[in-house]
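Report on the structure given below.
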Amino acid sequence: EVLTVKYEKEHQLLSSVVPQWHYRIARPCKQLHESGITPEAYHCLLALLWQDGMTMSNLAQLARMSRQQTTKVVDRLIRGGFARRENDPADRRVIRRRTTDYAREYVENFQRQQADYYLIPYCADQM
């Protein structure tokens, strides 16, 4: 009984956090996984959409990932049809990464679906 009283506040706090975690982290990550995208790949995809045409070094720096890890992620994005490589017309040694129309549509649809998940807990809290 003493143990129950001692941890009651922590239990209440955890009970309020778990649904939010589910809606805001677990469900979106599961949906990404089901479509073959890792959270890291989605992060890189958003960075490329924000600043299309980045070099691998720029993308790695922006994504705060190692260049090797970024290369693996981008290779998966290219195989999935989300990105492509393009030679820089000003310097043939430079290869730019560009997003595809499919990537833009995917992100728009994903974010539209996630908006519903984000609004449900928020609206419930405001009632």
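The values are calculated or read from the model by the stated rules, or taken from the named source; none is laboratory data. Here the structure is a predicted model, which means the values were calculated and not measured. Ideal geometry is used to build each Cβ from the backbone, glycine not excepted, and the neighbour counts take in all protein chains shown. Calculation scope for accessible area: heavy atoms of the full protein, side chains included, ligands and nucleic acids excluded. Shrake-Rupley method; radii C 1.70, N 1.55, O 1.52, S 1.80 Å.
May I ask you to order 86-96, 51-61 by the average number of other C-beta atoms within 10 Å around their residues, highest value first?
Numbers: 86-96: 10.5, 51-61: 15.6.
Ranking the peptides 86-96, 51-61 by packing returns 51-61, 86-96.
Quick one: ranking Lys9, Lys30 by accessible area, 1.4 Å probe, largest first, what do you get? Mind dumping the intermediate values first?
On the way: Lys9 155, Lys30 125 Å².
The residues order as Lys9, Lys30, largest area first.
So what's the net charge close to Met65: Lys and Arg +1, Asp and Glu -1, counting the other residues with Cβ under 10 Å from its Cβ?
Details: positive: Arg64, Arg67, Lys72; negative: Glu40.
That sum, taken over residues with Cβ under 10 Å, equals +2.
In sequence order, what are the phi-derived ³J(HN,Hα) couplings for region 65-74 according to the Karplus relation 6.51 cos²θ - 1.76 cosθ + 1.60 with θ = phi - 60°, rounded to whole Hz, with x for glycine and proline?
With the stated coefficients, region 65-74 comes to 10, 5, 4, 5, 5, 4, 4, 4, 5, 5 Hz.
Using a 1.4 angstrom probe on the protein heavy atoms only, line up Arg79, Arg112 by accessible area, largest first. The partial results should precede the final answer.
Details: Arg79 180, Arg112 140 Å².
Ranked from most to least accessible, the order is Arg79, Arg112.
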